[in-house]
Structure formats: C-alpha cells, structure tokens
Amino acid sequence: MGLESQAMPIMTDRPPSPPTPTTPSATEIDDDRVLATTTQLAASIDDSLGVCLDDATLETVLLELDRSGYVDWVTVTHAGDYVWDLSDSPDRIADAVAAAVTERVQSWLTERTAAE
C-alpha cells in the first residue's frame, strides 16, 4: 500500500476558534488554589457574617494582609477587580494568632512569677 491510498485529512483555511471566556465563580478553585475577587469576598462576608464592607475598604485591608504575607494578590481581571489567592490564608492567620497568644501567655506568666 502506497501513500496514495491513505486518506488525507481535510485542512481548512480558518484558524481554530479561541476558547470561550468564562466568568469565575464566587470562589474558584484552580490548581488546588482558592481564588476570589474583592467583590466576591465582600459578598461572602456579608452572606456569612452579615457584615457589609464596601469593596474599597476591604481592598485596603486585603492589600495590608498581602504585604504581611497572609493572603496573596494574584492578578487583576479585565474589569479591574483584584484576584486573591486564599489557599494558605487560614494556616498563615492561625500561625500568627497562635504566636500572638503564646507571646501574651508568656508575658503574663513572667509578670506573675516576678510578682511572687
């Protein structure tokens, strides 16, 4: 059998269509990461805790948390919303709280033993 007898695929002159853009869900999981925009986080806080934060205030807090290493800023959407990676945030915040509590307890114990 020669090459002449094999069917050749038909090639079109058009390039493939680009993928359809998708809108991220309220909290999107991507490669084991938990991602959310500032607006999505504000809505989640409002739904969960009944506390209404405006996006600008929450964004300021999130930027400070990012500077301190508690959350990670990932990107900005086409609409101008910041996207945050919250995957490691619970562990990071828990470590910081544990360190602060330990420091307070040690300080309290030191004061008590010095007073005796």
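Readers should treat all values here as calculations from the given coordinates under stated rules, not as data from a laboratory. Quick caveat, the model's predicted, so the values are computed rather than measured. Cβ placement follows ideal geometry from the backbone for every residue including glycine, while neighbour counts extend to all protein chains displayed.
Compute the Cα gyration tensor for region 25-115, then decide on rounded, prolate or oblate, letting a ≥ b ≥ c be the square roots of its eigenvalues: rounded whenever a/c is under 1.5, prolate when a/b is larger than b/c in the other cases, and oblate in all that remain.
Details: a/c = 2.81, a/b = 2.27, b/c = 1.24.
Note, shape of region 25-115 comes out prolate.
Putting +1 on Lys and Arg Cβ atoms and -1 on Asp and Glu Cβ atoms, find which of Thr38, Leu65, Ser87 reaches farthest to the positive end of the dipole of region 25-115.
Farthest towards the positive pole: Leu65.
Please name whichever of Ser48, Thr75, Ser107 sits farthest to the positive end of the charge dipole of region 25-115, dipole taken about the Cα centre and charges placed at Cβ: Lys and Arg +1, Asp and Glu -1.
Ser107
Show the residues, 5+ positions off or on another chain, whose built amide H is closer than 5 Å to the amide H of Val71.
Counting only residues 5 or more places away or on other chains, the set is Asp66.
For region 25-115, give the magnitude of the charge dipole about the Cα centre (Cβ charges: +1 Lys/Arg, -1 Asp/Glu; no others), in debye to the nearest 20.
That gives a dipole near 540 debye.
Whose amide H sits under 5 Å from the amide H of Thr37, counting only residues 5 or more places off or on another chain, with H placed in the peptide plane?
Amide H neighbours of Thr37, under 5 Å, 5+ apart: Trp84.
Could you run the Karplus curve 6.51 cos²θ - 1.76 cosθ + 1.60 with θ = phi - 60° over region 43-60 and give me ³J(HN,Hα) per residue in whole Hz, x for Gly and Pro?
My calculation for region 43-60 gives 5, 5, 5, 4, 5, 7, 10, x, 10, 9, 10, 6, 4, 5, 5, 4, 5, 4 Hz in order.
Which ³J(HN,Hα) values, rounded to whole Hz and listed in residue order, are derived for region 66-71 from phi using the Karplus coefficients 6.51, -1.76 and 1.60 in 6.51 cos²θ - 1.76 cosθ + 1.60 with θ = phi - 60°, glycine and proline given as x?
5, 4, 8, x, 8, 9
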